1. Looking at segment 54-66, can you tell me whether even one residue there is of a type in the set (Val, Ile, Thr) and surrounded by 17 or more Cβ atoms within 10 Å (Cβ to Cβ)?
2. Taking interchain pairs and intrachain pairs at least six residues apart, which have beta carbon atoms under 6 angstrom, with the first residue in segment 66-89 and farther than 15 Å from THR50 by Cβ and the second at pLDDT 95 or above and charged (D, E, K, R)?
3. Could you check VAL83 against (1) in contact with a strand residue (DSSP E or B) (Cβ under 9 Å, 6 or more places away or on another chain); (2) of a type in the set (Val, Ile, Thr); (3) buried (at least 16 other Cβ atoms within 10 Å of the Cβ) and say which number it fails?
4. Kindly provide the set of residues from segment 73-104 that are β-branched (Val, Ile, Thr) and farther than 20 Å from VAL13 by Cα, ordered by number.
5. Kindly check whether there is at least one residue in segment 135-145 that is open to solvent by less than 80 Å² (accessible area, probe 1.4 Å), within 28 Å of GLY53 (Cβ to Cβ) and touching a Leu at 6+ places or on another chain (Cβ under 8 Å).
Amino acid sequence: MIDTRFSTAMQIVVSVAVNDEAGVRSTSQSLAVGLDTNASFVRKLLAPLTENGILVSVPGGKGGIRLARASKEILLSEIYAAVTGSKKLWATRHEIPHAGLVGENIGDLSEYLCDRAEQAVVDMLGSVTVEDSVAELRRLDVERQKLVADETERRAAAE
């Protein structure tokens with residue numbers, strides 16, 4: 001099963017950033033609607049995000065969820081570390097029979113490759129901020145809207 005904690009947590013944090021900019025209150029319920037999930041799942045991910053100083057949660061009717069720092073100060077690697085903890089990208093198998101070249105060494109090779117892949121992911125995510133992510137989403141939205149407009153124009157011309 002593919003782990004979606006990071007992508008979901010990133011969506012939560014980016015949604016909170018966009019809502020903060022717009023002056024819109026974020027709650028676990030409103031975030032759950034955007035994620036098409038339930039609020040208890042959102043709250044489960046909010047815990048490590050608040051514990052790691054990425055988000056703050058203010059209880060009460062006028063409270064809500066906000067960024068703990070400016071979006072330009074929050075790295076995606078922080079979100080990744082907060083919600084994945086020590087869980088690896090993939091599991092290695094050390095419990096297989098240890099016979100011959102492959103059996104004796106495949107677990108160590110797999111662990112080595114996993115560690116390098118994990119570091120590459122963390123390094124890449126460490127170069128992208130939440131602010132960068134919001135800017136990229138806006139760029140992608142402009143591109144998508146242009147494609148939709150072009151398609152509408154093509155259909156109208158064909159009629």
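The values are calculated or read from the model by the stated rules, or taken from the named source; none is laboratory data. Here the structure is a predicted model, which is why all the values come from computation and not from measurement. Cβ atoms come from the backbone with ideal geometry, glycine included; neighbour counts cover every protein chain shown. Areas reflect the complete protein model, heavy atoms only, side chains present, ligands, DNA and RNA absent. Shrake-Rupley method; radii C 1.70, N 1.55, O 1.52, S 1.80 Å.
1. For segment 54-66, residues of a type in the set (Val, Ile, Thr) and surrounded by 17 or more Cβ atoms within 10 Å (Cβ to Cβ): present.
2. These pairs meet every condition: SER71/GLU131; LYS72/GLU131.
3. Of everything listed in (1) in contact with a strand residue (DSSP E or B) (Cβ under 9 Å, 6 or more places away or on another chain); (2) of a type in the set (Val, Ile, Thr); (3) buried (at least 16 other Cβ atoms within 10 Å of the Cβ), VAL83 misses just condition (1).
4. THR92, ILE96, VAL102
5. no
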